[in-house]
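One structure, pasted below without further comment.
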Amino acid sequence: MQALLKNLGTILLSLILAILVWIAAVREQNPPRESDYSQTIPIEINPPGPGLILADTLPETVRLRLRAPESSWVELSPSKFRADVDLSELTAGFSDVPIDVVVSDPAVEIVRQVPQAVTVNLQVEQTITVPVKIEVLDDPPLGYIARPPQLVPEVISVTGPASRMGQVDEAVSQISIQNAKETIARTAPVLIRDRNDQLIAGLSVEPSQVQITVPIEQRFGYKDVAVSAVVVGQAAPGYWVSNIAVAPPRVTIVGNPTVIGSIPGFIETIPFNVDQATADIVQTVPLDLPNGVTVVVPEGNGTGAGGVQVTVEVSAIESGQTIQLPITQQGIDPAYSWSASPARADVILSGPIPRLQALRTGDVQVIVDLFGLVPGTYNVQPVVFSPDDLRLEAILPDTIEVTIV
């Protein structure tokens with residue numbers, strides 16, 4: 001026992017040295033590293049007590065500089081941190097509140113955080129009711145009238161800090177009726193403005209949207225009608241009228257209510273002649289209107305007063321044609337001769353009849369490529385060269401036996 005007590009100091013010193021050696025070995029294998037953490041940590045706000053509200057926005061995240069072993073850096077994620085700002089015990093006014101950041105890994109040390117605190121402006125929370133004003137933007141088309149708009153609900157609640165609530169002058173919701181020819185019903189957001197017509201941010205609006213209905217009616221003596229183009233004549237042989245388009249497709253007419261009431265749901269153009277046409281025709285064509293009836297022309301738009309634009313698309317009638325052509329070659333060595341079996345091939349083309357009828361010798365060729373081939377017998381796929389406006393449907397046969405000697 002005396003020997004143990006006599007050597008106790010030596011034993012303790014040895015133990016301490018062993019621990020230090022172990023710590024040094026661990027640090028060498030898993031050295032600590034200090035660095036800025038690449039991800040930001042979201043700040044959670046513990047809200048103020050009843051009757052108080054934040055008047056200004058607070059930072060949403062905090063940045064950290066950390067010191068930790070390499071193994072901890074590998075495992076780090078934002079979920080291991082928690083950043084809190086506690087407003088529950090504050091009173092109205094300005095206060096500097098620390099941002100409390102904790103980390104679940106005890107090996108991680110927070111060296112620095114930015115920001116460390118936030119300045120909080122708490123104010124008394126107020127709620128008022130405000131009638132909603134409707135702003136109808138634009139006007140309906142000529143020949144239509146907008147009746148007074150209807151609103152649901154007519155009054156909304158606005159909540160916010162006292163300093164901002166004192167700026168509230170009106171609640172506004174907007175709706176556009178441009179080009180509207182029938183009643184419009186839409187949901188629109190509510191905007192809160194001050195006396196200078198500037199929007200006020202940071203307020204809670206309930207409900208945040210309202211339903212607006214604007215009745216749109218046609219004026220007496222006006223009528224919307226479709227436009228029907230009257231096309232006469234026949235396209236040239238080999239062509240046909242593939243489409244007829246009218247712009248605008250509908251017009252508004254005005255006149256004696258009795259005459260207007262007798263007009264069906266469409267109005268015709270005067271006859272438009274397409275006789276012997278071989279290409280598209282675009283032309284302004286007058287409307288065949290009864291006496292005393294005119295077309296309402298929107299401001300800044302001349303279309304309609306002198307007629308409508310009629311586009312008649314004229315397309316060639318398509319067909320097919322089979323041509324028997326000799327096989328020609330390209331690329332053979334001049335020292336060799338060649339022969340093809342069969343010597344001719346049937347080429348089937350399709351396209352507009354006038355184009356097929358206009359084909360000339362040399363417009364279509366069947367060629368086999370013999371470049372680099374030595375004497376022997378080969379099966380070669382021929383290539384057909386034809387005009388771009390014709391389609392190659394088939395070549396028969398699709399391979400040619402070529403003999404080179």
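Got at least one residue in region 123-135 being free of Cβ contacts under 8 Å to residues at least 24 places away in the same chain and of a type outside the set (Lys, Arg)?
Step one: of region 123-135, the residues free of Cβ contacts under 8 Å to residues at least 24 places away in the same chain are none.
No: zero hits.
Between Ile156, Ile175, Ile192, Ile145, which is surrounded by fewer than 18 Cβ atoms within 10 Å (Cβ to Cβ), aliphatic (A, V, I, L, M) and either out of contact with any His (no Cβ under 6 Å at 6 or more places or on another chain) or closer than 30 Å to Pro50 by Cα (or both)?
Values: Ile156 fails: surrounded by fewer than 18 Cβ atoms within 10 Å (Cβ to Cβ); Ile175 fails: surrounded by fewer than 18 Cβ atoms within 10 Å (Cβ to Cβ); Ile192 fails: surrounded by fewer than 18 Cβ atoms within 10 Å (Cβ to Cβ).
One residue alone meets the criteria, Ile145.
For residues in region 368-381 being surrounded by fewer than 17 Cβ atoms within 10 Å (Cβ to Cβ) and in a strand (DSSP E or B), which is modelled with the highest pLDDT?
Kept after step one, since they are surrounded by fewer than 17 Cβ atoms within 10 Å (Cβ to Cβ), are these residues of region 368-381: 369, 371-372, 374-379, 381.
Narrowing further to those that are in a strand (DSSP E or B): 369, 376-379.
Working: Asp369: 93, Gly376: 90, Thr377: 88, Tyr378: 89, Asn379: 88.
Looking at the filtered set, the residue picked out is Asp369.
May I ask you to list the residues in region 239-273 that are over 42 Å from the mean Cα position of the chain (by Cα), β-branched (Val, Ile, Thr) and surrounded by 12 or more Cβ atoms within 10 Å (Cβ to Cβ)?
Residues of region 239-273 that are over 42 Å from the mean Cα position of the chain (by Cα), as a first pass: 255-263, 270-271, 273.
Of the ones still in play, those that are also β-branched (Val, Ile, Thr) are 258-260, 263, 270.
Val259, Ile260, Ile263, Ile270, listed by residue number.
With respect to Arg147, is the statement that it is of a type in the set (Lys, Arg) and closer than 30 Å to Asp224 by Cβ true? Reasoning before the result, please.
Details: of a type in the set (Lys, Arg): yes; closer than 30 Å to Asp224 by Cβ: yes.
Judged against the criteria, Arg147 is a match.
Please work out if Val384 is within 51 Å of the chain's Cα centre (by Cα), in a strand (DSSP E or B) and touching a residue at least 40 places away in the same chain (Cβ under 8 Å).
Numbers: within 51 Å of the chain's Cα centre (by Cα): yes; in a strand (DSSP E or B): yes; touching a residue at least 40 places away in the same chain (Cβ under 8 Å): no.
Considered against the rule, which asks whether it is within 51 Å of the chain's Cα centre (by Cα), in a strand (DSSP E or B) and touching a residue at least 40 places away in the same chain (Cβ under 8 Å), Val384 comes out as no.
Filtering region 47-100 down to residues that are in contact (Cβ under 8 Å) with a residue 60 or more places away in the chain and of a type in the set (Val, Ile, Thr), which residue is surrounded by the fewest Cβ atoms within 10 Å (Cβ to Cβ)? Lay out the reasoning, then the answer.
At the first step, the residues of region 47-100 found to be in contact (Cβ under 8 Å) with a residue 60 or more places away in the chain are 48, 51-58.
Of the ones still in play, those that are also of a type in the set (Val, Ile, Thr) are 53, 57.
Values: Ile53: 21, Thr57: 8.
Only one residue fits best here, namely Thr57.
Residue by residue, here is whether (1) modelled with pLDDT of 90 or more; (2) β-branched (Val, Ile, Thr); (3) outside any strand (DSSP E or B); (4) more than 38 Å from the chain's Cα centre (by Cα) holds:
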residue	(1), (2), (3), (4)
Gln39	yes, no, yes, no
Pro50	yes, no, yes, yes
Thr57	no, yes, yes, no
Ser88	yes, no, yes, yes
Val102	yes, yes, no, yes
Asp105	yes, no, yes, yes
Glu125	yes, no, no, yes
Pro131	yes, no, no, no
Asp139	no, no, yes, no
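The values are calculated or read from the model by the stated rules, or taken from the named source; none is laboratory data. In this text the structure is predicted, and so the values were computed from the model without any measurement. Note: ideal-geometry Cβ built from the backbone for every residue, glycine included; neighbour counts use all protein chains shown.
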